[in-house]
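Step one of this worksheet: look at the structure below.
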Amino acid sequence: MPSALDALIEGLRRLPGVGVKSASRMAFHLLQHDRTGMAQLAQSLERAAADIRHCSRCHTFTEAEVCSTCRDPQRDASKLCVVETPADQAAVERTSAYKGLYFVLMGKLSPLDGVGPKDIGLAKLFERAGDGLVQEVILATNFTAEGEATAHVIGEALKARGLKVTRLARGVPAGSELEYVDLGTIAHALVDRR
């Protein structure tokens, strides 16, 4: 049985990007300088684990059966944006440019890691997209190999069901200079030019 300190460090190491040194530094800081913050963090983690679940419609995180976005009558129910994670959904929301609904996959297809269509809820997505209200599905998966493969599989399946499928545009970032942009981005910007 590890000591309480070792268990704390191991617990902190579970966070993405946190190695042994960072976890140790966090643990020592909390123990030495912020016992109140440590207790608050522990309570917050327990509450989140007990109260946060998946929205029954879009699969994002929520404390209710249906999230506030899905319940919002001002949202355009004819558009469904498919993202990989709740963090991706939050990023799209921060733009204030999209007023439709979402479906959160909670992952991406990755055969090498053993992640298939059932693992990311594609059946539920197809059911949601085929509800008769959705007219356009916007694929907003990441531009990684797995994200592209996921978008391709979803896009082909939804097109076969007669739905309009679009993909986020990609191109040269605003304010950048071409000589510093990677060649793949420039190539995609040329192909997808408008």
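Looking at the stretch 58-81, which of the residues that are of a type in the set (S, T, N, Q) and closer than 14 Å to Gly100 by Cα is most open to solvent (accessible area, probe 1.4 Å)? Step by step, filter the stretch 58-81, then rank; the result is Gln74.
Residues in the stretch 99-136 that are touching a Leu at 6+ places or on another chain (Cβ under 8 Å) and basic (Lys, Arg): Arg128 alone. The set of residues from the stretch 23-39 being among the polar types (S, T, N, Q) and open to solvent by less than 60 Å² (accessible area, probe 1.4 Å) comprises just one member, Ser24.
List the pairs whose first member sits in the stretch 7-32 and is polar (S, T, N, Q), whose second member is surrounded by 13 or more Cβ atoms within 10 Å (Cβ to Cβ), and whose Cβ atoms are under 8 Å apart, counting only residues at least 6 apart or on separate chains? Between residues of the stretch 7-32 that are polar (S, T, N, Q) and residues that are surrounded by 13 or more Cβ atoms within 10 Å (Cβ to Cβ), the close pairs are Ser22/Leu12; Ser24/Ile9. The condition (being closer than 26 Å to Lys124 by Cα and surrounded by fewer than 16 Cβ atoms within 10 Å (Cβ to Cβ)) is satisfied by just one residue among Ala49, Ala42, Ala7: Ala49. Within the set Gln40, Gln74, the sole residue that is of a type outside the set (Phe, Trp, Tyr) and closer than 23 Å to Gly132 by Cβ turns out to be Gln74. Close contacts from the stretch 33-61, counting a first residue that is free of Cβ contacts under 8 Å to residues at least 24 places away in the same chain and a second that is open to solvent by 60 Å² or more (accessible area, probe 1.4 Å) and part of a helix (DSSP H, G or I), with Cβ to Cβ under 7 Å and a gap of 6+ residues or different chains, come to none at all.
Could you tell me whether the stretch 168-179 includes any residue that is touching a Lys or Arg at 6+ places or on another chain (Cβ under 7 Å) and of a type in the set (S, T, N, Q)?
no
Evaluated against (1) over 30 Å from Ala123 (Cα atoms); (2) touching a Lys or Arg at 6+ places or on another chain (Cβ under 6 Å); (3) of a type outside the set (Phe, Trp, Tyr); (4) not in a helix (DSSP H, G or I), Gly17 falls short on exactly one condition, (2). Does Arg94 satisfy being over 19 Å from Cys58 (Cβ atoms) and basic (Lys, Arg)? So Arg94 does not fit the description; no.
The values are calculated or read from the model by the stated rules, or taken from the named source; none is laboratory data. Remember, it's a predicted structure, so these values are computed and weren't measured experimentally. Here the Cβ is made from the backbone with ideal geometry for all residues, glycine too, and neighbour counts use every protein chain on show. Quick note on the areas: whole protein, heavy atoms, side chains included, nothing else; ligands and nucleic acids left out. Shrake-Rupley method; radii C 1.70, N 1.55, O 1.52, S 1.80 Å.
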